[in-house]
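Shown next, in structure tokens, is the structure this report addresses.
The values are calculated or read from the model by the stated rules, or taken from the named source; none is laboratory data. Everything numeric here is computed off the predicted structure, so don't read it as measured data. Because the Cβ atoms are built from the backbone with ideal geometry, glycine has one as well, and the counts that use them run over all protein chains shown.
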Amino acid sequence: MNVKLRQITFDDKFSGIVGVVIGLVGIGLGFYGNNRIKHERATLTETQGRVVDIVHRRERDSKDKHKDTYAPIIEFLAKGDPVRFTGWYDSNRASKGKIVAVRYDPKHPATTARVVQDSESLVPWVMYGMGGLSLVSGLRELSPLSVSLGEGK
């Protein structure tokens, strides 16, 4: 392993600072997302809901083509009373009878209910990873040391 000193150019400094800033923002967003999920789990009630109907909507995209989107109507029980809400519109159609996880505020179940996504807790870890890689890359650009594993001349 060879370690050498190198001269840091303006481009190295600029890209290094940008990498460090992007990395810190990514890590910060990861912490924010993780804390938000923890707060929701602690304060909101989670239960199971069932897709009881599908709403269809036809839109035009940016190229003026028709695009069909679908939103599930989900029903769940809050304090023994049935509550219905409409989920997010998506190009994929959910099947009637499908069981989904629902989170809601017990004080306002009809207006605060939302479907819990399967990949919800994965997003902060992706942000940690991407932010960490960007941070390490930026710090590497700012370092005056050059490390190589092979034979150097």
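At a glance:
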read-out	value
Complete set of residues in the stretch 1-50 that are closer than 30 Å to Asn92 by Cα, hydrophobic (A, V, I, L, M, F, W, C) and modelled with pLDDT under 95	Ile37, Leu44
Options Val100, Val123: the member that is outside any strand (DSSP E or B), within 19 Å of Leu44 (Cβ to Cβ) and out of contact with any Asp or Glu (no Cβ under 6 Å at 6 or more places or on another chain)	Val123
Candidates Arg140, Arg93, filtered to the one that is charged (D, E, K, R) and in a loop (DSSP other than H, G, I, E, B)	Arg93
Test: Val3 is touching a Ser or Thr at 6+ places or on another chain (Cβ under 8 Å), touching a residue at least 12 places away in the same chain (Cβ under 8 Å), surrounded by fewer than 10 Cβ atoms within 10 Å (Cβ to Cβ) and assigned to a strand (DSSP E or B)	yes
Any hit, the stretch 71-92, residues being at pLDDT 90 or above, in contact with a His (Cβ under 9 Å, 6 or more places away or on another chain) and either surrounded by fewer than 11 Cβ atoms within 10 Å (Cβ to Cβ) or not assigned by TED's automatic domain parsing to the domain that holds Ile27 (or both)	yes
